Every structure is written in structure tokens, then in C-alpha cells.
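Contents: one structure, followed by commentary.
Just so it is clear, none of the values below were taken in a lab; they were calculated from the coordinates. Just so we're clear, the structure is a prediction, and the values are computed from it rather than from any experiment. Cβ: placed from backbone, ideal geometry, glycine included. Neighbour counts: every protein chain shown.
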Amino acid sequence: MESRLSIWAFGLVLFLLVGGENGGVFGSRNCGFPAIFNFGDSNSDTGASSSASGEHLLPFGITLGKKSKRITDGRVIIDFLAEALGLPYLNATVDSIGTSYKHGANFATGGCKISSIGGVLPFNLDVQISRFLRFKSRTVALYEQLNNNSTNPAFKSILPEPEVFSKALYTIDIGQNDIAYLFDGQNPPATLDKFYISIQRLLSNGAKFMWIHNTGPFGCMGSKHLDSCKQDGSPCPDADEHGCVKNLNIQAQLFNSELKDRVNRLRAEYPDAVITLVDVYSAKYSLFLNPKNQGFDEPFKFCCGVPGSFCGTRELEIAGKFADNYERAKLTRPICKDPSKHISWDGVHYTEAANRIVAKLIANGSHSDPPVPITEACRKH
């Protein structure tokens, strides 16, 4: 009898810990984020710069077989992270007509920075967060109006419910353009102080779950390799053992060290928040350790454009408006035969194939602090 009671007690404890079918404190490890709100630059831009400064035409999106609002041949990392969470791809808030933000919104804009100095477009991180807070306040106000109105307005199908904002995952991927301006006299600690203040605004306004990317290996970009190294096959004087430009990567590492310090401060100031810092630098750098084993022919040769000629969008439009005809459009800019064989799309941005690998590496938690997969980023460990 005593043995049966012991077994029964053990089963009860196990049930309470696991939570049975409905889950409990330690139930299903999937956080079930209802939405993502993303902030950043071109690495996670899903349409803002395309809408703000001219539509991205082919060859952008050729891997998808259609025009893409992303600055690459296909999908970017945030697309794959959304897939990992079982959520639809994020729409840019600039694309306001006929667009759904039911499961989140993307405020990232190509060319933007943490700092308000320089940048291609004026949507620095603080501006993006201001736009988000406006989006949130207007959404909440509309739902408050709904409580006083018996009708069922259409916005319910395209806007998140007010409670979603406290349950959503907030992703941040910015800093690459700030690194680009470091040699123009900008100060990394001062820039990261601005980052700290910007993230404070999110946390003080109800954001609880944050997924923050550090910046990638700047010296591994195809364009930076091209600028620093001779293209005649001779050894690059400032390259590491994998061909990346050392002094540029050192700048990125210093930036990331300052970023980690600010994240730790935010954790101390907001103990109820769950803030995951993701080492995108290491994930991206791993692509260059043994590129051929990962299916990449030449790690630094970019797919679209040639030295001195960026894979532009306006040039394609001016050259004949061949946006719906890939065979004609590709003649206006040299395009590689197979983007999946390249890490670099245009010397600055990664191909979909590279983005897919990086996204898989970071989504599983192996490059996260704390080491949790993105599906569990709501839990303290």
C-alpha cells in the first residue's frame, strides 16, 4: 500500500510539474508568442526602405521568383525566425494600405542606425520606437472605442488586441551601419548609450520579452574584403586566417562588448523583463570557417553587381523597367548563376541561403545568452 501511495504521489508531482495536457508552470516549453515587433536596419527590413525610397525591383527576390521588398535575393533572418515561432512574415508599417499587423509589425528600415547622425533614411532606432509607441497607442484607442460600440469594425482583423503588446516578442537587429560610421569620429560607447535609452523606452512601455542581436563580422563583408585586399590572388595584408578583414572585425567586437554591457544593465534595471542577447557575430562568422562544406563556392564574391557597381534598384528601373522579366532585368546588373552558392548578395547583405543557416543557428539557442531557443525566450533560466 505504501509503495502504491509513493507511486501515486510521484505521478501527482510529475503531473503538476509538467502540467498535464494544458501545461503548467513548467508545461509546454513553447512560449506561444502571439506577435513579433521588430526594429533594425536592412538586415531585417521587410519593406520599409522599398516603400520609402523606391520599390525594390528584380533581381531582388529572384530566389522567390518575384519582386521582393527585402534587400537580398529572398528572405532575411527575421522571416525565418517568424517561421520558427509559427507566425506569418512581418509587414513593414510603411506599407499601410491593405496590410495586416495582427501578428506584429516591422519598423526596421534599411540604411538606419542607432545614432541619429548620418544614415540613409531618418528612421534611427529612437524614431522607430516612437513610431511603434504611436502604433500601440492608436491600436489600444481603437479597441477602447470598440467597447463603446456594438459594431464589429474591420480593424479587428488587421490589428493586434491590446493584450498582445505585453505578450509579444520584441526583436532588435541594428548596429551594422553604426559600425560603418565609426571611422567618421563616432564613439561606440556614446552610440550604445543611445541604444540603452531607446530600449528603456520599450521596456518602460510594457515590452517584457526581448531578443537582441549583436552586430555581425563587419570585416567579412564582400565589399570590405574587396576594398582591403588585392583581387589578384595574393595574400590580403589585413586578413585573418579565414579571409576576413581583422581591424574591421575588431571594431565590431568592441561594439558588441559595449552592447553586452548595456544589455546587462537593462537586465538589472528591469528584473521582470526577459532579455536574450544573441551572438549573431559568431553565427555569421561560422559561415566563413569552412564555406565549401556549407555549400558556398566563394565566401567573398558577391552575387549581384560588380566591383564599383552596387546592385542598385533605381538603376534597374531607369535601365528599362524590366521589373517583371528576370531574363531582361538581370542584363542591367551582373547576377550570379546561383545565389545559393554565395554568402554575400551584394557585398553588404547576405543571401537567403546564408540567412537561413544563420537563422537556424540562432533560433536553436546555441548562440544565445541565456542559451535558450527563440521559442522559449519568454522564460528566465
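Along the Cα-to-C-beta direction of S157, a point sits 7 Å from the Cα; which residues of the range 72-107 have their amide N less than 16 Å from that point?
Counting only backbone N, you get 97-103.
About its Cα centre, how strong a charge dipole does the range 31-372 have in debye, to the nearest 20, once Lys and Arg get +1 and Asp and Glu get -1 at the Cβ?
That gives the range 31-372 a dipole magnitude of about 600 debye.
Listed highest first by mean packing, meaning other Cβ atoms within 10 Å per residue, what order do 371-379, 200-208 come in?
So the order, starting with the most tightly packed, is 371-379, 200-208.
Going highest first, how would you order 193-199, 132-138 by mean Cβ packing within 10 Å?
193-199, 132-138
Given labels modelled 7 Å from the Cα in the Cβ direction, how far is it in nm from I197 to Q294?
For I197 paired with Q294, the spin-label model returns 3.7 nm.
Taking a ≥ b ≥ c as the square roots of the Cα gyration tensor eigenvalues, with a/c under 1.5 meaning rounded and otherwise prolate when a/b beats b/c, else oblate, which class fits the range 31-372? Mind showing how you got there, number by number?
On the way: a/c = 1.90, a/b = 1.32, b/c = 1.44.
Oblate shape, in that a/c is at least 1.5 and b/c is the bigger or equal ratio.
Quick one: which of K360/K380; K156/K360; K113/K360; K102/K292 span more than 29 angstrom between C-alpha atoms?
The answer is K156/K360; K102/K292.
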